[in-house]
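Below: the structure, in structure tokens.
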Amino acid sequence: MIPYSYRDNRLFCEETDLAEVARQYGTPAYVYSKAGITGNYARIDAAFAAAPHLVCYALKANANPALLKMMAELGAGADVVSGGELAQALAAGFPAQRIVFASVGKTDAEIRFAIRSGILALNVESREELEVTARLAAEMGMTAPIALRINPDIDIEGHPYLTTGKSANKFGIALEEARAAYLWAAEQNSLKIVGVHCHIGSMIKKSDPYHRMAETLAAFVADLGKAGIRFEHVDLGGGLGVDYTKVLGEQGSPWFMEPEEMAAQVIPVLQPLGCEILLEPGRSIVGPNGVLLSQVLYRKETKGKKFLVVDAAMSDLIRPSLYGAYHAILPLQAGGAELETVDVVGAICESGDFLAKDRELERLQRGDWLAVMTAGAYGYTLTSNYNARPRPVEVLIDGATHSVIRDREPSLF
Ligand code: LLP
């Protein structure tokens, strides 16, 4: 379900007119749908009901404290990538035993914090990190729960920045090396092998890579089982792709593949192992449920180009600039105006600062509001203060009610 729709040409989130939100809280503003987020989490959770499983929400997609609290209350686990995110997850109420921590560059302080907190697993990404983890845990007189992140050399055929499971990527450990590392880990008193981890990339559009990953992991677990190594869980990472062209409720599902389809591809392969299945979805839960509201400041025309200068910029949403990512843009008040082709740009001092290029939009003018769609994931978490711009306000919609879940950063002037 996508919670956005037009009613009498006005863009709504659930039962709330977004123009009312823009008027009340100002722009730029991030807006999220409570029902959309909880609904997507529940859908993914239910899709795996046939097997013991845990959905560990990836905080990196959106770590607003109110959203995290909502997710923790639903029983989700958390996937974190830094000591900071681990602290955010614990503060939001995720039980430590439901938190997994993957990072290719954990510092000693982060490793100690994770061990001390009693998390479910440190997803270890290199042999050297494994040895450091063993030493630090021994020094603390504790045991570190570990899973090795396997790099299975599977191509998801996506954006190179979003591909993580190829051998040319910095992530994880190759299968042969992982085997030796697990045998070594099994000998260490300060390490407890709890699982095996894999995350091959983000924006996965087909179920086939998940199927291949599950088969690779199943063979690996079976092989190590013969060497006496037992795994409690198999972690398939995140990556379920979102279709950025589907932004309104009437367009159906925002996912390229339904969670049930992914489950059907992996459960039969993994079930015989008797392990719990862990998932780390981020984008698929929050992405389609968030939008960035902005207001048109100026219209501008150069030789052969029309620009719409708006009050949101790459500091508020960097995905178009960084990945050339497409985000649909919709007027909050639609209908009537003729179409024109424009670049939608922000105020930042770089030509790479744009939200859309050569986009056909209804003619908008100074003061009009627009929504940059599908901005719930990797939107606010990737904001910056570049050009001394304050971060936007975040607003949560629940039916016809709305409330601020993080204040706009104060203006410096
Ligand atoms: N688990 C691990 C270990 C990850 O590295 C990631 C994402 C996830 C889970 C969640 O993946 P998701 O379900 O959200 O695809 N900034 C980029 C996306 C970077 C993804 C990084 N890792 C973007 O805006 O598209």
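The values are calculated or read from the model by the stated rules, or taken from the named source; none is laboratory data. From a predicted model like this one, the values you see are computed outputs, not experimental measurements. Cβ: placed from backbone, ideal geometry, glycine included. Neighbour counts: every protein chain shown. What goes into the accessible areas is simple: the full protein's heavy atoms, side chains included, and nothing from ligands, DNA or RNA. Shrake-Rupley method; radii C 1.70, N 1.55, O 1.52, S 1.80 Å.
Miscellaneous remarks
- Those residues of the stretch 194-221 which are part of a loop (DSSP other than H, G, I, E, B) and among the small types (Gly, Ala, Ser), in sequence order: Ser202, Ser207
- Filter pass, Ser384 being away from the ligand (no atom under 16 Å from the Cβ) and among the polar types (S, T, N, Q): no
- Whenever a residue of the stretch 95-110 is assigned to a helix (DSSP H, G or I), its partners that are within 13 Å of the ligand (Cβ to nearest atom) and of a type in the set (Phe, Trp, Tyr), lying with C-beta atoms within less than 8 angstrom and at least six residues away or across chains, give the pairs Glu110/Phe101.
- Residue count for the stretch 21-36, restricted to those that are in contact (Cβ under 8 Å) with a residue 60 or more places away in the chain and open to solvent by 10 Å² or more (accessible area, probe 1.4 Å): 7
- Among the residues making up the stretch 320-346, those that are surrounded by fewer than 14 Cβ atoms within 10 Å (Cβ to Cβ) and part of a strand (DSSP E or B) are Leu339, Thr341.
- Residue in the stretch 214-233 that is touching an Asp or Glu at 6+ places or on another chain (Cβ under 8 Å) and either within 15 Å of Arg149 (Cβ to Cβ) or open to solvent by less than 10 Å² (accessible area, probe 1.4 Å) (or both) present: yes
- Inter-residue pairs, beta-carbon under 6 Å, first surrounded by 14 or more Cβ atoms within 10 Å (Cβ to Cβ) and in the stretch 171-189, second assigned to a helix (DSSP H, G or I) and modelled with pLDDT of 95 or more, 6+ apart: Ala181/Arg127; Ala181/Leu130; Tyr182/Leu224; Gln188/Ala134
- Of the strands (runs of 3 or more DSSP E) entirely within the stretch 21-83, those holding at least 3 residues that are modelled with pLDDT of 95 or more, more than 30 Å from Gln333 (Cβ to Cβ) and aliphatic (A, V, I, L, M) occupy 53-58.
- From the options Gly75, Gly39, residue that is farther than 27 Å from Ser5 by Cβ and free of Cβ contacts under 8 Å to residues at least 40 places away in the same chain: Gly75
- Residue selected from the stretch 157-180 under the condition in contact with an Asp or Glu (Cβ under 9 Å, 6 or more places away or on another chain) and assigned to a helix (DSSP H, G or I), by the criterion farthest from Ser202 (Cα to Cα): Arg179
- Of all residues making up the stretch 134-168, the number that are away from the ligand (no atom under 14 Å from the Cβ), open to solvent by less than 60 Å² (accessible area, probe 1.4 Å) and within 22 Å of Leu54 (Cβ to Cβ): 3
- The combined condition, being within 16 Å of the ligand (Cβ to nearest atom) and at pLDDT 95 or above, is not fulfilled by Gly228.
- Single match in Ala388, Ala377 (criterion: modelled with pLDDT of 95 or more, among the hydrophobic types (A, V, I, L, M, F, W, C) and open to solvent by 60 Å² or more (accessible area, probe 1.4 Å)): Ala388
- Cβ-Cβ under 7 Å pairs, at least 6 apart or on other chains, the stretch 293-315 side basic (Lys, Arg), far side at pLDDT 95 or above and open to solvent by less than 10 Å² (accessible area, probe 1.4 Å): Arg299/Leu308; Lys305/Asp343; Lys306/Val342
- Count of the stretch 234-271 residues, restricted to those that are open to solvent by 60 Å² or more (accessible area, probe 1.4 Å) and closer than 19 Å to Ala328 by Cα, is 5.
- Of the residues contained in the stretch 176-189, none is found to be of a type in the set (Lys, Arg) and within 12 Å of Asn123 (Cα to Cα).
- Test: residue in the stretch 186-193 that is touching a Phe, Trp or Tyr at 6+ places or on another chain (Cβ under 6 Å) and under 25 Å from Thr143 (Cα atoms): no
- Any hit, the stretch 280-299, residues being touching a helix residue (DSSP H, G or I) at 6+ places or on another chain (Cβ under 9 Å), open to solvent by 60 Å² or more (accessible area, probe 1.4 Å) and either assigned to a helix (DSSP H, G or I) or more than 16 Å from the ligand (Cβ to nearest atom) (or both): no
- Members of the stretch 59-106 found to be among the aliphatic types (A, V, I, L, M), within 13 Å of the ligand (Cβ to nearest atom) and more than 18 Å from Ser117 (Cα to Cα), listed by number: Ala61, Ala63, Val104
To keep it simple, each residue is scored yes or no on (1) β-branched (Val, Ile, Thr); (2) closer than 23 Å to Thr302 by Cα; (3) out of contact with any Phe, Trp or Tyr (no Cβ under 6 Å at 6 or more places or on another chain).
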| position | (1), (2), (3) |
| --- | --- |
| Asp316 | no, no, yes |
| Leu322 | no, no, yes |
| Val344 | yes, yes, yes |
| Lys357 | no, yes, yes |
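- Failed item, numbered, when Thr302 is tested on (1) hydroxyl-bearing (Ser, Thr, Tyr); (2) within 16 Å of the ligand (Cβ to nearest atom); (3) open to solvent by 10 Å² or more (accessible area, probe 1.4 Å): (2)
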